[in-house]
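Report on one structure; see the data block that follows.
The values are calculated or read from the model by the stated rules, or taken from the named source; none is laboratory data. Just so it is clear, the model here is predicted, and its values are computed rather than measured. Cβ sites come from the backbone with ideal geometry, for glycine too, and all protein chains shown count toward neighbours. The accessibility values were calculated without ligands, DNA or RNA, using every heavy atom of the protein model including side chains. Shrake-Rupley method; radii C 1.70, N 1.55, O 1.52, S 1.80 Å.
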Amino acid sequence: MSFYIKRKLKSMRKSIAKKFLDKKNRRSNIFDIGKVKSILFFRNDDKIGDMVVSTLIFREIKKYYPNIKIIVLCGKNNAEILKYNRNVDEIYTTRDSFLKDLSIYVSLRKQRISLGIDFYTFGHCFISLLILRIVNVSTLVGFYKDSYNIYDLSINKDFFNEHISKRYEHVLKILGIDNPNLDYDIFTSSKEDSIAIELLKKSNSKYNIVLNPFAASKHRSFSFDKLQSLVSILEKQINCSVFIINYKNNNNLLTLKNDKTFICRVDSVLKSASLIKYADAVITPDTSIVHIAAAFNKKTVAFYLDYSKVSEKINVIWAPNNKNAISISVDAKDGLKSDIKNISNLCILDAVKKLL
């Protein structure tokens, strides 16, 4: 099936969903924050980095409106970020199956939730619109949803050249909260912390550096050869031990293990968060790790594709938001060169040296 036909079918499905599930008339009245008893955040996109950023809005709302119940609808991966978050009252975790999750949506509907906030910026498919109709919050706020009447308020400001936290700041302003703190929160338990501390005790070096070699895109992930070369350079040029996060249980990484390089088999987000919490610096191409490091104000070298020549500047939107971070970019429109493999390891070394 050609790309054109697939795109046409996708567009048709969205049109059909909108026709049958979108409300016919948008409410004209704007909500009164004084009457809001509960807020539901739709974070069932299951993106970890987005959830880390979301923690700022949970905290600021709780600070100013402690009696408002904060409810979050999550995916199974990003739910872990909220495991110990004291600013969230209820967490509902979906399981990637509408039928299995139907009872969750019905339970949320029964709560008669005052306000729903959806940060999803794209058009809706049939299932996502159906979920919104079932949950049926009293007032629904979204981004770039002018064409959907199910949203009572659509925020249409151009945020495509601003950091993602500015969208949250804008929502907080709508809720009557000015000059909010835009720092993120990551809460870990003594269990995760103990594991991280014991692991870092294996180091006899001056500095402990956490290195996460993988990202969602292969163009932002380290090849094995690049990773091997970088680790070797770091070991020789800096008095450091390198702790490589191994999410995918990649056996190739075990060949890098020595008395200064440790391969950390991490099976949860919070375990990696604790490791970052107690390390001296982080090197990562993955934005979820970038944001976790920012939550701890950790010295960070982050890698991005450079989207400065296009309208939606991804590298700006998902920048570290961390004064202790250095970002290194490669042009996203430069063909085969659009890959972090083309960033010199000596350039990375200089950035680490500058931070330490």
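Here are the numbers for this structure:
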item	result
Most mobile listed residue (Ile317, Ile195, Ile91) in the chain, GNM with C-alpha springs under 10 Å	Ile195
Which of Ile91, Ile186, Ser232, positive extreme of dipole for the chain (C-beta unit charges)	Ile91
Dipole in debye (nearest 20) - the stretch 45-130, about Cα centre, beta carbon charges: Lys, Arg +1; Asp, Glu -1	360
Aspartates and glutamates whose Cα lies under 16 Å from that of Lys201, excluding same-chain neighbours fewer than 8 positions away	Glu192, Asp193, Asp259, Asp280
For q = 0.13, 0.17, 0.18 Å⁻¹, Debye-computed log10 I/I(0) when each Cα of the stretch 42-130 counts as one equal scatterer	-0.43, -0.75, -0.84
For the chain, size of Cβ-based charge dipole, Lys and Arg +1, Asp and Glu -1, in debye	980
Around Lys226: net Lys/Arg minus Asp/Glu count, Cβ-Cβ under 13 Å	+1
³J(HN,Hα), Karplus 6.51/-1.76/1.60, whole Hz, each residue of the stretch 293-308, x for Gly, Pro	4, 5, 4, 9, 6, 7, 4, 9, 10, 10, 10, 9, 7, 8, 9, 5
All Cα pairs of the chain, percent lying beyond 36 Å	28
Calculated diffusion of the stretch 145-240, Stokes-Einstein form, Kirkwood radius summed over Cα pairs, 10 °C and 1.306 mPa s, µm²/s	85
Global geometry of the stretch 280-356, whether rounded, prolate or oblate, following the gyration tensor of its Cα atoms and the 1.5 cut on a/c	oblate
Accessible surface, the stretch 171-259, averaged per residue in Å² (probe 1.4 Å)	52
Total charge dipole magnitude, the stretch 282-356, about the Cα centre, Cβ charges on Lys, Arg, Asp, Glu only, Debye to nearest 20	260
Per residue solvent-accessible surface (Å²) - the stretch 270-356, probe of 1.4 Å	41
Over 16 Å [Cα-Cα, the stretch 70-118], rounded percent	42
log10 of Debye I(q)/I(0), alpha-carbon scatterers only, for the stretch 56-193 at 0.12, 0.13, 0.16 Å⁻¹	-0.54, -0.63, -0.98
Out-of-range pairs (alpha-carbon distance over 29 Å; input Lys47/Lys260; Lys37/Lys83; Lys63/Lys298; Lys145/Lys173)	Lys47/Lys260
Cut-off 12 Å between beta-carbons: net charge of the residues surrounding Ala279, Lys and Arg +1, Asp and Glu -1	+2
Charge-dipole axis of the chain as Lys and Arg at +1 and Asp and Glu at -1 on Cβ define it, positive-most pick from Pro320, Val266, Ile71	Ile71
Portion, in percent, of the accessible area of the chain that falls on carbon or sulfur, probe 1.4 Å	50
Radius ratio Rg over Rh of the stretch 204-285, counting only Cα atoms, Kirkwood formula for Rh	0.93
